[in-house]
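Visitor: Sharing a structure below in structure tokens format, with a few things to ask.
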């Protein structure tokens, strides 16, 4: 059965005097929904366009789009949901952590089709529960690096080939830094999520045999590298050490301004890089550096979900179901330069250049997609960590306490002890 037909039938069956009868095209009163989203590059504009077109499907459903900063989604939305308030819908990234608040979409979709197309990511929304379809994965992301090719060329330094280690890249970017006088050689977003993949490259398992979070020697090894690179100036003091607590910070402006030739960010940033770099310099996505345990990245992304406190749960769920239909998903992923989470679309491939992507963007997205597959093979704990509902506590502790070491406030042993205390209190 077509998803759109199923949505309409479901709503028609559940309609009341105050609900919108979508399938019949009649109305007993308009319904207003609030949708909260942060906007990576053009996502806000594309989402607004979809909302406008949804009027053709549900003329009496008004969706008010509220574009906010990522910190609002990350820090304020969970507080609102716990209080039983907040928007009807949102684009979220803490997929497992917010699971108690999601509406199950199973009655609104063709469940078999969604399991086949989105099955790899649906467990992230379930937070360990065995079933349920709790969201449309709007963006399959993976962490990975961007490189300023022009800076490497000006410095006369060869770009390290695929399979090179983090130490290889540290050496190469130090040479570029020395030759060009750049401010730093490498920058990484201030995020425990961003650091997790590289740590896995050095053997960090993140979980013991019982599925409990752990900090092990692999984690310690890469943490020490990060600390040393900041101490030497290879990594800048403006991102990790400069912020307090768990505050997120990115390295976008440093990369855009050619202050650094290597930026560890992720696939979600690729449209932003295209728009801000323009023709200032040549750049490329490159394979993530490796370690003795593999070439670790963190998969992830964002999802559109409907919340169970909504006064109009049927209408909220129906919009999510509509967005996840294959043709709508194809257009969404293509226009927002996102790696599709839909297996049918992964197998077919997307024509990003038709949506205005430069060849570097199209090539970069394909390379990021390869990194997703590599992570599944080499570091499966990355998928487990992404789907764990308490991962935010672990990633935040990483950011807060390793930054304390970089600032000279803690030793690494003290930082790890504090991270383990946070894990014991908030994650295990």
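The values are calculated or read from the model by the stated rules, or taken from the named source; none is laboratory data. Just so we're clear, the structure is a prediction, and the values are computed from it rather than from any experiment. With ideal geometry, Cβ positions are generated from the backbone for all residues, glycine too; neighbour counts draw on all protein chains shown.
Every residue, every condition in (1) buried (at least 21 other Cβ atoms within 10 Å of the Cβ); (2) modelled with pLDDT of 95 or more; (3) touching a helix residue (DSSP H, G or I) at 6+ places or on another chain (Cβ under 8 Å), yes or no:
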| residue | (1), (2), (3) |
| --- | --- |
| 130 | no, no, no |
| 136 | yes, yes, yes |
| 139 | yes, no, yes |
| 147 | yes, yes, no |
| 151 | yes, yes, yes |
| 156 | no, yes, yes |
| 169 | yes, yes, no |
| 173 | yes, yes, no |
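Visitor: Look at residue 396 and say whether it is touching a residue at least 40 places away in the same chain (Cβ under 8 Å), farther than 30 Å from residue 137 by Cα and out of contact with any strand residue (DSSP E or B) (no Cβ under 9 Å at 6 or more places or on another chain).
Guide: Taking the combined requirement at face value, the residue does not satisfy it.
Visitor: Just to be sure before I move on: is residue 186 within 15 Å of residue 145 (Cα to Cα) and crowded, with 19+ Cβ neighbours inside 10 Å in the structure I sent?
Guide: yes
Visitor: Return a yes/no flag: does the stretch 214-233 have any residue that is within 22 Å of residue 287 (Cβ to Cβ), in a loop (DSSP other than H, G, I, E, B) and in contact (Cβ under 8 Å) with a residue 24 or more places away in the chain.
Guide: Among the residues of the stretch 214-233, not one is within 22 Å of residue 287 (Cβ to Cβ), in a loop (DSSP other than H, G, I, E, B) and in contact (Cβ under 8 Å) with a residue 24 or more places away in the chain, which makes the answer no.
Visitor: Can you pull out the helices (runs of 4 or more DSSP H) entirely within the stretch 248-363 that have at least 1 residues that are touching a residue at least 40 places away in the same chain (Cβ under 8 Å) and assigned by TED's automatic domain parsing to the domain that holds residue 125?
Guide: Per the criteria, 313-323, 326-335, 343-348.
Visitor: Does any residue of the stretch 99-109 turn out to be within 23 Å of residue 264 (Cβ to Cβ) and touching a strand residue (DSSP E or B) at 6+ places or on another chain (Cβ under 8 Å)?
Guide: Checked against the condition, which is being within 23 Å of residue 264 (Cβ to Cβ) and touching a strand residue (DSSP E or B) at 6+ places or on another chain (Cβ under 8 Å), the stretch 99-109 yields no hits at all.
Visitor: Does residue 89 satisfy the condition of being farther than 21 Å from residue 376 by Cβ and either modelled with pLDDT of 95 or more or touching a strand residue (DSSP E or B) at 6+ places or on another chain (Cβ under 8 Å) (or both)?
Guide: Yes; evaluated as a whole, the condition is true for this residue.
Visitor: Return the residues of the stretch 55-80 that are in contact with a strand residue (DSSP E or B) (Cβ under 7 Å, 6 or more places away or on another chain) and within 23 Å of residue 140 (Cβ to Cβ); say none if nothing qualifies.
Guide: Once the filter is applied, which keeps residues that are in contact with a strand residue (DSSP E or B) (Cβ under 7 Å, 6 or more places away or on another chain) and within 23 Å of residue 140 (Cβ to Cβ), the stretch 55-80 yields 65, 67, 68, 73, 77.
Visitor: Residue 411: closer than 30 Å to residue 120 by Cα and either touching a residue at least 60 places away in the same chain (Cβ under 8 Å) or more than 17 Å from the chain's Cα centre (by Cα) (or both), yes or no?
Guide: No; evaluated as a whole, the condition is false for this residue.
Visitor: Please find, within the stretch 399-428, the residue that is surrounded by the most Cβ atoms within 10 Å (Cβ to Cβ) out of those that are in contact with a strand residue (DSSP E or B) (Cβ under 6 Å, 6 or more places away or on another chain) and part of a loop (DSSP other than H, G, I, E, B).
Guide: Looking at the filtered set, the residue picked out is 427.
Visitor: While we're on this one: Across the stretch 53-111, what is the number of residues that are in a strand (DSSP E or B) and crowded, with 18+ Cβ neighbours inside 10 Å?
Guide: Of the residues in the stretch 53-111, 8 are in a strand (DSSP E or B) and crowded, with 18+ Cβ neighbours inside 10 Å.
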